[in-house]
Amino acid sequence: MPPVISSISTQLVDLPTIRPHRLSMTTMARQTLVIVRLRSSDDIEGVGEATTIGGLSYSAESPESIQCNIDAWLAPLLIGQPADNLNALMARLDRHARGNAIARSALETALLDAQGKRLGVSVATLLGGAVHDHLPVLWTLASGDTRKDIDEAFQRLDERRHCQFKLKLGANALGEDLRHTEAICAALEGRAGVQVDINQAWDESTAVQGISALEAAGVALIEQPIPARQVSGLTRLANRFRVPMLADEAVQDAGDGLTLLNAGFSGAFALKIAKAGGPRGALKLAHLARSAGVGLYGGTLLEGTIGTAASLHAWSTLPSLEWGTEMFGPLLLQDDIVTEGLCYHEFGVDLPSGPGLGITLDEDRLRFYTRP
Ligand code: MUC
Ligand code: MG
């Protein structure tokens with residue numbers, strides 16, 4: 001008799017950030033993790049996590065909608081089903097529920113964690129095997145203050161924690177954003193690389209003006225300058241400039257990847273397990289991109305340790321990530337809900353060793369931060 005899924009519970013966990021994190025669409029003072037605990041009849045528990053950014057300001061799912069849709073719709077589809085066949089379980093979700101990629105990602109993560117624990121292997125092994133055990137990680141400078149950002153960058157460099165930095169643009173007028181970026185590029189020249197993420201804030205003509213100046217300042221990569229649905233515009237920008245365009249919100253999953261490739265897009269893709277409904281969907285996009293010769297970037301939706309570990313297990317199976325990763329989510333949070341955090345050193349992070357995700361919840365701290 002195969003084990004069956006006996007229960008799935010969700011809880012909202014609010015963790016304060018180490019400083020306000022300023023993006024084009026919101027400023028974050030805390031991050032909310034939706035923690036999913038999935039138990040089976042063989043007494044094995046798998047843990048998953050869903051996050052987004054600033055309630056509904058990043059996507060159509062909020063922490064509260066993720067919790068509600070898992071509890072009311074997705075969990076009942078899984079409870080009572082054989083726990084050890086991920087393909088069958090995810091196909092069942094596909095058949096009966098639409099959308100909700102972030103919620104699905106948390107469920108798929110919990111299923112992978114449980115199956116790894118059941119078989120005594122890591123999630124990366126379940127996904128075909130890790131080819132890297134240490135991945136590069138950049139840091140996002142988003143305090144909203146140029147001087148503070150420069151000080152923060154030097155501190156991270158001195159600690160040998162990060163040597164690539166991402167700036168969040170689009171909340172200010174273009175001129176102000178350009179002065180901010182030029183000052184940071186000049187301060188870090190020869191010591192670290194700088195890339196920017198506009199999170200869809202510009203229209204195309206502002207993007208042409210902005211990207212010309214950013215290219216001249218030495219910015220290495222331009223992420224999602226214009227709205228996600230403007231595929232032709234993003235393709236035009238990618239063809240116009242030498243500095244590469246990174247598609248983020250425009251490429252949620254392999255279907256979007258195909259749309260961008262068919263349009264002639266020649267930039268890079270940001271992978272996120274949350275966008276693609278889980279680690280396996282993100283890898284499907286990654287393999288499509290690899291076949292088309294498109295570069296990859298291991299993206300975050302500012303996950304905590306559980307979601308970051310799930311992403312790392314997926315990224316570790318890829319032969320190359322041309323643009324590295326931004327799996328710094330746990331470092332942005334003041335505290336954690338696991339017994340042992342991820343190990344960040346030498347400008348990157350270690351892949352946690354299994355079984356499953358290789359992460360254990362700290363029940364006391366989890367209780368402390370859970371929303372009543
Ligand atoms: C995004 O859009 O890439 C990643 C890093 C960060 O600071 O925000 C996220 C979201
Ligand atoms: Mg982005």
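The values are calculated or read from the model by the stated rules, or taken from the named source; none is laboratory data. Every value quoted in this text rests on a predicted model; they were computed, and no experiment measured them. Neighbour counts run over all protein chains shown; Cβ positions are idealised from the backbone, glycine included. Only protein heavy atoms, including side chains, enter the accessible area calculation; ligands, DNA and RNA are left aside. Shrake-Rupley method; radii C 1.70, N 1.55, O 1.52, S 1.80 Å.
Let me confirm something: among R240, R229, which residue is surrounded by fewer than 23 Cβ atoms within 10 Å (Cβ to Cβ), of a type in the set (K, R) and within 24 Å of the chain's Cα centre (by Cα)?
Sole residue among the options that is surrounded by fewer than 23 Cβ atoms within 10 Å (Cβ to Cβ), of a type in the set (K, R) and within 24 Å of the chain's Cα centre (by Cα): R229.
From E152, E182, E204, grab the single residue that is free of Cβ contacts under 8 Å to residues at least 24 places away in the same chain and surrounded by 15 or more Cβ atoms within 10 Å (Cβ to Cβ).
E152
Name the strands (runs of 3 or more DSSP E) wholly inside region 34-149 in which the number of residues that are hydrophobic (A, V, I, L, M, F, W, C) is 3 or more.
none
Among the listed residues L260, L246, identify the single one that is in contact (Cβ under 8 Å) with a residue 24 or more places away in the chain, in contact with a Gly (Cβ under 9 Å, 6 or more places away or on another chain), assigned to a helix (DSSP H, G or I) and not polar (S, T, N, Q).
Only one candidate passes the filter, namely L260.
Only one of L283, L261 is closer than 30 Å to R30 by Cα, open to solvent by 10 Å² or more (accessible area, probe 1.4 Å) and modelled with pLDDT of 95 or more. Can you tell me which?
L283
Looking at region 207-221, which of the residues that are assigned to a loop (DSSP other than H, G, I, E, B) and surrounded by 16 or more Cβ atoms within 10 Å (Cβ to Cβ) is nearest to ligand 1 (Cβ to nearest atom)?
Filtering first and then ranking leaves L221.
Here are some conditions: (1) outside any helix (DSSP H, G or I); (2) open to solvent by 10 Å² or more (accessible area, probe 1.4 Å). L288 meets all but one. Which one does it not meet?
Of everything listed in (1) outside any helix (DSSP H, G or I); (2) open to solvent by 10 Å² or more (accessible area, probe 1.4 Å), L288 misses just condition (1).
Might you let me know whether region 217-237 holds any residue that is more than 13 Å from ligand 2 (Cβ to nearest atom), within 20 Å of D149 (Cβ to Cβ), aliphatic (A, V, I, L, M) and touching a Phe, Trp or Tyr at 6+ places or on another chain (Cβ under 9 Å)?
Yes, region 217-237 contains a residue that is more than 13 Å from ligand 2 (Cβ to nearest atom), within 20 Å of D149 (Cβ to Cβ), aliphatic (A, V, I, L, M) and touching a Phe, Trp or Tyr at 6+ places or on another chain (Cβ under 9 Å).
Please go through region 275-332 and pick out each residue that is closer than 17 Å to A250 by Cβ, more than 16 Å from ligand 2 (Cβ to nearest atom) and of a type in the set (K, R).
K284, the sole residue that qualifies.
All but one of (1) open to solvent by 10 Å² or more (accessible area, probe 1.4 Å); (2) within 16 Å of L135 (Cα to Cα); (3) among the small types (G, A, S); (4) within 16 Å of ligand 1 (Cβ to nearest atom) hold for S320; state the number of the condition that does not hold.
Condition (4) is where S320 drops out.
Quick one: count up the residues across region 161-179 that are within 15 Å of ligand 2 (Cβ to nearest atom), assigned to a loop (DSSP other than H, G, I, E, B) and open to solvent by less than 40 Å² (accessible area, probe 1.4 Å).
Qualifying residue count, region 161-179: 2.
Out of Q195, Q224, I need the residue that is within 16 Å of ligand 1 (Cβ to nearest atom) and in contact with a Lys or Arg (Cβ under 6 Å, 6 or more places away or on another chain). Which one?
Just a single option satisfies the conditions, and that option is Q195.
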